[in-house]
Amino acid sequence: MNPEIKSYFPILNQEINGHPLVYLDSAATSQKPTPVIEALKDYYEFDNSNVHRGVHTLGNRATEKYEGAREKVQQFINARSTQEIVFLRGTTTAINLVAQSYGRANVEEGDEIVITYMEHHSNIIPWQQLAKERGAVLKYIELEEDGTISLENVRAAITDRTKIVSMVYVSNVLGTMNPVKEVAKIAHEHGAVMMVDGAQAAPHLKIDVQDLDCDFFAFSGHKMVGPTGIGVLYGKKHLLEAMEPVEFGGEMIDFVGLYDSTWKELPWKFEGGTPIIAGAVGLAAAIDFLQEIGLDEIEKHEHHMAAIAMDKMSGIEGLEIYGPKDPAKRAGIVTFNLKEVHPHDVATVLDMSGIAVRAGHHCAQPLMKWLDVTATARASFYLYNDESDIDRLVEGLRSAKEYFSDVF
């Protein structure tokens, strides 16, 4: 990875608690490069207006940028049409839309919804609620000891009663990369649809929704060097066309009468209210930035970072790393605990040295239970991290160990 990349992220050029910042919390949210910040600034300084209905110049410019961003996303994930790209607030909103619209229309009493123990709460709770409402059965695919899934267990979980399979592409805790393409094939053999939570995948891997043959795919802009508040739901056109909106109001209507209304065509029928215009502009700039570097290069860099981090961290006595031991099976996420020390205390000591990691249950409490822990610490790497950041992390962990020496 080009060492100059770090210089594009101005926030990294500062000290925290008297030490140069090392940011290892990109799985929560990524930092923003200058081109994305400038795109947002430029939009608000020169083009800010509402979209679609205005006939003035600013309205036309804003509409061109907003719909141009949709074309960019379509190409980024290789969707067949811009009609398959819905702009929403983020991954959580996208999964909820599928559960509330597709789910309510297609899941009946006794039907099955299949997920895994490694899902983020945003890919658990919408299905819990749907299952309760429809009298359906929520099933979990068993995990292997190393936190991966086997296709044998996938086949055991999915039956002809399964209507929806929803799975994270990359775990936000274990870093596990799931075989979603193969799982989608099994789901389709039983007549089920496949939803992929791509929040931790789209920023780091090349995504081709046609090759994956998933029915729905969701991701968030802020995890891929874009702004907060913008996300994407991809859905196959024939599925989206058959689905009803779940938000009603301005922008999404075709005609409104006194007692009935009709909706716009795809994708606008799902984008009620003033759209997230600046967010889409920022997301387009983020896609440009990532593609200029190359998603293959970013994925290769993060595998390399995870391998080095696991190797160096494994030398710290009392430190336990969770998830696959084989770096090839995981993305750039290393989740760990330091023997008997609460992860919040570990994260606080690291912050005193200018190192930002996440601590807690990572919105994955069922997975914490499966791991038999209440919380963990997590270091997540991105394109702006380098080996010196890993050295600082290892040094900080050794300091934390000394700080809590009464435990060891």
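The values are calculated or read from the model by the stated rules, or taken from the named source; none is laboratory data. All values reported here derive from a predicted model rather than from experimental measurement. Note that each Cβ is placed from the backbone with ideal geometry, even for glycine, and that neighbours are counted across all protein chains shown. Only protein heavy atoms, including side chains, enter the accessible area calculation; ligands, DNA and RNA are left aside. Shrake-Rupley method; radii C 1.70, N 1.55, O 1.52, S 1.80 Å.
For the range 101-179, applying the loop criterion from DSSP together with a ceiling of 15 other beta carbons within 10 Å to the GluC sites (Glu not before Pro) yields GLU108, GLU109, GLU142, GLU144, GLU145. For the chain, a Gaussian network of Cα nodes joined below 10 Å ranks GLY332, GLY231, GLY135 by mean-square fluctuation, and the top entry is GLY135.
At R0 = 45 Å, how high is the FRET efficiency between LYS237 and SER388 if r is their beta carbon distance? Nearest 0.05 is fine. All intermediate terms of the calculation are to be shown ahead of the outcome.
Values: r = 47 Å, r/R0 = 1.04.
E(calc), rounded to 0.05, equals 0.45.
Accessible surface of the chain, 1.4 Å probe: 49 percent of it comes from carbon and sulfur atoms. Grab the beta carbon distance between VAL256 and ALA156, set R0 = 41 Å, and tell me the FRET efficiency rounded to 0.05. With a Förster radius of 41 Å, E is 0.25. The simple spin-label model puts a point 7 Å past each Cα toward its Cβ; for LYS41 and SER7 those points are separated by 1.7 nm. Applying both filters, DSSP loop and at most 12 other Cβ atoms within 10 Å, to the trypsin sites (Lys or Arg not before Pro) of the range 227-333 gives LYS325. For the charge dipole of the chain, defined by +1 on Lys and Arg C-beta atoms and -1 on Asp and Glu C-beta atoms about the Cα centroid, which residue among MET1, ILE253, TYR140 has the Cα displaced farthest towards the positive pole? The Cα lying farthest towards the positive end belongs to ILE253. Shown here for the range 239-279: GluC sites (Glu not before Pro) in loop regions (DSSP other than H, G, I, E, B) with at most 11 other Cβ atoms within 10 Å, namely GLU265. Pair-distance distribution P(r) for the range 154-263, from all Cα-Cα distances in 10 Å bins starting at 0: 13, 36, 30, 17, 5, 0 percent.
For the range 36-291, the share of alpha carbon pairs falling in successive 5 Å distance bins from zero is 1, 6, 13, 17, 18, 16, 12, 8, 5, 3, 1, 0, 0 percent. DSSP bridge analysis restricted to the range 36-291 gives an antiparallel fraction near 45%, rounded to the nearest 5. Overall dimensions of the range 22-110, expressed as equivalent-ellipsoid semi-axes from the Cα gyration tensor (√(5λ), whole Å, largest first), are 30, 22, 13.
A probe of 1.4 angstrom, applied to the heavy atoms of all protein chains, finds ARG358 with accessible area near 100 square angstrom.
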